[in-house]
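One structure below.
The values are calculated or read from the model by the stated rules, or taken from the named source; none is laboratory data. Small disclaimer: the values here were computed from a predicted structure and weren't measured. Every residue, glycine as well, gets a Cβ built from its backbone with ideal geometry; the counts of neighbours run over all protein chains shown. Surface areas here come from the heavy atoms of the whole protein model, side chains and all, with no ligands, DNA or RNA. Shrake-Rupley method; radii C 1.70, N 1.55, O 1.52, S 1.80 Å.
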Amino acid sequence: MKCTNCGAEFEDGTLFCPKCGKEVQWVPEYHTLETILRQKELMEQEKKKKELEAQKERERQQRKAEQERRRKRKKNMILGSCAAVVVVAAGLGLFFVYQTQHNSFDFQMAQAETKFSNKNYEDALKYVQQALALRPDSAEANILQAKIYLKNEDEAAALDILLEVVKEFPDNTSAYGELLRLYENQEEYEKIRDLMANASEEMQDTYQSYVCPLPTVSQGGGEYTEALSLEFNNLLEGTQVYYTLDGSKPDTSSQKYEGPISLEEEGKITLKYIAYNEKNIPSEVGEETYQITYEAPEKPLISPSDGQYEYAEQIIVTAQDGCDIYYAFDEEPTLESSKYTGPIAMPTGEHTFSAIAVDERGKISPVSSKMYVYYN
């Protein structure tokens, strides 16, 4: 049987069309013209319906395909935009990094040192000044700037910089080295001495060839009762010593030390001395004061002893080695008195015999006296 509404076939006994759901009319099926036309109309409608559904399906598929294409285009646009953003960001990042590095202290210093090595001092100075603008307290940059000034023969500017660096960074060996070389080229040897005198022991050890130690004297200043023979100790190889004995400041025009210095004159003597090393760098000035006061010789010995004698005794006088003896009767002897050369006969009468000893330096001993009484 067929549904009169949609034309779908179904089995006998079916109450509702399984396709359109319309109630089945149980009437005999007559194949009249009207029925045939109706069936043809239904078939046409069914065909159109299927075509319409097929068209809708195609349109749906087309819309779906178009949506997919749009989705892909949108995705590609997003990906492209993201890629562009990434590229731009990367470019900006690289630009930022470049700018950061280009404007960094390390970059400026590296460029300055390269230019300096290539003897392009003008560009080297520009870069190091940019580095100092970023880090004005950098010892490294200041020293390089001083070296550039030296290459440009501007010693005054270099000197000011190096002095400031040494003051701010007393442990910077590079600053000391450049300053020492500058002073040496200028033959400012006393300035080298003063610079190293205020340097640390470590710095003095590092640049020991620029240090001239003050030698020591074999006998220090003080009071002495005998002549002195002075020597200088701890002299380094190539060191020369100059000295004065009148208290004046010594220099290379003073007396040159070539052996022991004899101090024999009585009185106060001021020794001043200075050393110069192989680089002609002077030491500090040393000073020692000596007070030499010679002791008088002991008074001479006279024999025989005091007393009255019945016969003429020989008067004998002895004194310390190296002394001359002068004597007199009944008066105090002087250097103008008679010089004792041997035993003297005791004179007649009552007399006082006196004698003195005079050493080689003219020091006079106390008077020694004896009283003799002798009558024939």
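In this structure, is Lys147 within 21 Å of the chain's Cα centre (by Cα), closer than 30 Å to Ser104 by Cα and modelled with pLDDT of 95 or more? Against the criterion (within 21 Å of the chain's Cα centre (by Cα), closer than 30 Å to Ser104 by Cα and modelled with pLDDT of 95 or more), Lys147 qualifies. Checking each residue in segment 249-285 for being loosely packed, with under 13 Cβ neighbours inside 10 Å and polar (S, T, N, Q) picks out Thr252, Ser253, Ser262. Residues of segment 362-376 that are assigned to a strand (DSSP E or B), of a type in the set (Ser, Thr, Tyr) and surrounded by fewer than 20 Cβ atoms within 10 Å (Cβ to Cβ): Ser369, Tyr374.
In contact with a Leu (Cβ under 6 Å, 6 or more places away or on another chain) and not hydrophobic (A, V, I, L, M, F, W, C) - does that describe any residue in segment 247-266? The answer is no, given that none of the residues of segment 247-266 is in contact with a Leu (Cβ under 6 Å, 6 or more places away or on another chain) and not hydrophobic (A, V, I, L, M, F, W, C).
Taking segment 286-301 only, how many residues are part of a loop (DSSP other than H, G, I, E, B) and open to solvent by less than 60 Å² (accessible area, probe 1.4 Å)? Adding up the residues that qualify gives 4. Please verify whether Glu153 is of a type in the set (D, E, K, R) and closer than 21 Å to Tyr121 by Cα, treating the condition exactly as stated. Taking the combined requirement at face value, the residue satisfies it. The C-beta contact set for segment 318-341 (first residue over 15 Å from Lys299 (Cβ atoms), second residue polar (S, T, N, Q), distance under 7 angstrom, 6+ apart or interchain) comprises Phe329/Thr352; Asp330/Thr352.
Does Asp359 qualify as being out of contact with any strand residue (DSSP E or B) (no Cβ under 9 Å at 6 or more places or on another chain), charged (D, E, K, R) and either closer than 30 Å to Gly267 by Cβ or surrounded by fewer than 12 Cβ atoms within 10 Å (Cβ to Cβ) (or both)? Spelling it out, it is not the case that Asp359 is out of contact with any strand residue (DSSP E or B) (no Cβ under 9 Å at 6 or more places or on another chain), charged (D, E, K, R) and either closer than 30 Å to Gly267 by Cβ or surrounded by fewer than 12 Cβ atoms within 10 Å (Cβ to Cβ) (or both). The helices (runs of 4 or more DSSP H) falling completely within segment 115-187 include none with 3 or more residues that are open to solvent by 60 Å² or more (accessible area, probe 1.4 Å) and in contact (Cβ under 8 Å) with a residue 40 or more places away in the chain. Where strands (runs of 3 or more DSSP E) fall wholly inside segment 191-274, the ranges with 2 or more residues that are out of contact with any Cys (no Cβ under 8 Å at 6 or more places or on another chain) and touching a residue at least 60 places away in the same chain (Cβ under 8 Å) are 222-224.
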